[in-house]
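The values are calculated or read from the model by the stated rules, or taken from the named source; none is laboratory data. Small disclaimer: the values here were computed from a predicted structure and weren't measured. Cβ: placed from backbone, ideal geometry, glycine included. Neighbour counts: every protein chain shown. Just so you know, the surface numbers come from the protein's heavy atoms only, side chains and all, with ligands and any DNA or RNA stripped out. Shrake-Rupley method; radii C 1.70, N 1.55, O 1.52, S 1.80 Å.
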Amino acid sequence: MSNETIEFGDAFRWGSATASYQVEGAWDEAGKGESIWDRFAADPDHIADRRDARTACDHYHRFQADFDLMAAMGLRSYRFSIAWPRVVPGGTGAVNAAGLDFYDRLVDAQLERGITPFATLFHWDLPQALQDRGGWADRGTIDAYLRYTEAVVNRLGDRVSHWMTHNEPWVFAFCGHLFGVHAPGSKDLRTALAVAHNLLVAHGRAVPVIRAGSPGAKVGLVNNLEWIEPGTDRPEDVAAARRWDGAFNRWFLDPIHGKGYPADLLAWYGADAPRVEPGDLEAMAAPTDFLGVNFYTRRLIVHDPDRRDGPERSFLAARQIYWPFVPRAEFDEWEVAPEGLYRTLLRVQKDYHPAAIYVTENGTPWPDKVGPDGAIHDLYRTRYLARHAAAIHQAIADGADVRGYFVWSFLDNFEWGFGFTKQFGVVHVDYDTQVRTLKDSGQWYARLAREHRFPLADANAIL
Ligand code: FCB
């Protein structure tokens with residue numbers, strides 16, 4: 001094995017990420033309104049372990065101690081999200097001062113410790129009151145989002161230097177409105193496409209609002225991107241993989257970079273395609289300062305005209321296959337594929353030339369157990385992080401302008417429809433006691449954040 005070291009520049013940001021609904025708890029405190037996730041998770045049939053996130057990691061009350069730990073680890077950037085229903089409980093109308101006060105304290109607590117806040121405005125916890133009026137399928141939600149954004153940036157814009165409009169429009173649109181596994185739980189392609197469209201319009205229209213309230217700040221959108229390959233070289237599989245890539249990657253990348261919607265997918269969707277109003281495409285293409293890339297997997301895709309397990313899964317007449325020798329994460333459909341991250345970053349650089357790229361999420365679940373020694377020996381996660389960091393290092397060497405990396409996640413937390421059954425944290429959370437324990441992977445990551453380098457052997461070791 002090599003004695004080489006993988007070195008990053010000192011300016012490269014090592015951070016961690018969370019999202020409001022997954023960690024905060026305090027679901028009805030200090031005037032917070034109901035979110036669609038509060039409503040969705042209240043039905044235990046929607047969540048794998050039949051639990052909800054009313055308390056979650058109780059980060060709402062414990063953030064000072066959580067940031068002490070983060071600072072001790074040397075993590076100098078933190079990506080978190082703001083819960084819209086805390087700030088505007090009814091979705092539109094009155095702003096809840098106590099909600100803004102909370103985020104004011106949250107931001108100051110980061111800055112006091114030398115942590116740079118990266119704030120996401122929408123990470124899926126839409127006010128239920130807006131869902132009752134059609135949610136993101138209704139264009140009225142775009143205006144509501146702009147007013148909510150204005151309230152937040154006017155309050156925090158002097159201290160938050162990096163803003164993200166939305167987290168993962170495709171997951172929100174498709175998992176929530178076509179596959180039915182996320183809030184609000186609908187199953188309709190046309191609705192999913194309308195939701196995705198309105199999210200992208202809202203993103204673009206929010207950019208100038210953020211710039212006005214937070215002068216000099218950097219603004220971007222976070223997309224989850226996957227590396228898609230055909231499962232065979234048969235022409236129908238190649239075409240299926242191209243459709244899949246079109247539906248999940250290009251559909252969200254092309255319009256924000258001024259290319260409009262991909263023509264092949266517009267033709268495929270036909271009458272289900274979203275109604276584009278005058279000015280929408282121009283709005284979506286608002287110039288941004290960075291692209292956030294969440295990366296979890298590669299997918300091998302084949303043509304499958306006869307897929308019959310529900311219309312929601314067959315909308316592309318394609319399905320994912322697996323090669324038995326490719327390792328998979330402890331997550332339904334995810335291959336462990338650092339090479340996919342490398343290729344995705346170069347593809348984004350080459351095809352879209354964003355002003356900068358951040359890997360805004362990457363990480364893996366693992367069924368961690370606290371050992372008899374009280375420690376969590378998650379070597380698997382350490383290897384995963386090392387391989388993905390090495391992939392980023394190589395992508396930078398080959399021309400991708402990647403400025404930082406945010407591990408998903410800082411804490412074990414509520415993993416949406418999987419409830420608490422998936423542990424992604426580099427910090428373990430005991431949900432009975434709320435005790436936090438740094439995992440072995442967290443110690444490894446903390447060292448990388450402090451030293452900006454790690455031994456290549458950590459990435460290329462088999463064990
Ligand atoms: C992403 C989400 C994030 C988390 C990870 C595992 O899709 O943005 O909230 O659930 O997956």
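Summary of computed values
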quantity: Accessible area, probe 1.4 Å, largest first, for residues HIS377, HIS393, HIS452; calculated: HIS377, HIS393, HIS452
quantity: Area accessible to solvent at ASP10, 1.4 Å probe radius, in Å²; calculated: 130 Å²
quantity: Dipole of the chain [Lys/Arg +1, Asp/Glu -1 at C-beta], most positive-end residue of VAL402, GLN128, PRO117; calculated: VAL402
quantity: LYS187, LYS32, ranked by accessible area, largest first (probe 1.4 Å); calculated: LYS187, LYS32
quantity: Ellipticity estimate at 222 nm from DSSP helix runs (n ≥ 4, -39,500 (n - 2.57)) divided over the chain, nearest 500; calculated: -11000 deg cm²/dmol
quantity: ³J(HN,Hα), Karplus 6.51/-1.76/1.60, whole Hz, each residue of region 415-424, x for Gly, Pro; calculated: 8, 6, x, 8, x, 9, 7, 10, 10, 10
quantity: Cross-link partners of LYS350 among lysines (Cα-Cα below 18 Å; sequence separation of 8 or more within a chain); calculated: LYS259
quantity: Carbon plus sulfur fraction of accessible area for the chain, probe 1.4 Å, in percent; calculated: 51 percent
quantity: Dimensionless Rg/Rh of the chain - Kirkwood Rh, Rg from C-alpha atoms; calculated: 0.94
quantity: Heavy-atom accessible area ranking, 1.4 Å probe, most first, across PHE424, PHE331; calculated: PHE331, PHE424
quantity: Cα-only Debye scattering, region 252-302: base-10 log of I(q)/I(0) at q = 0.17, 0.28 Å⁻¹; calculated: -0.72, -1.10
quantity: Solvent accessible area, Å² - THR191, 1.4 Å probe, full protein context; calculated: 40 Å²
quantity: Rg and Dmax of region 141-222, Cα atoms only, in Å; calculated: 14.0, 41
quantity: With DNA, RNA and ligands ignored, accessible area of LEU266 (1.4 Å probe; Å², nearest 10); calculated: 70 Å²
quantity: Exposed GluC sites (Glu not before Pro) absent: longest stretch of the chain, with sites in DSSP loops and at most 16 other Cβ within 10 Å deemed exposed; calculated: 30-329
quantity: The chain - charge dipole about Cα centre, Lys and Arg +1 at Cβ, Asp and Glu -1, debye rounded to 20; calculated: 600 debye
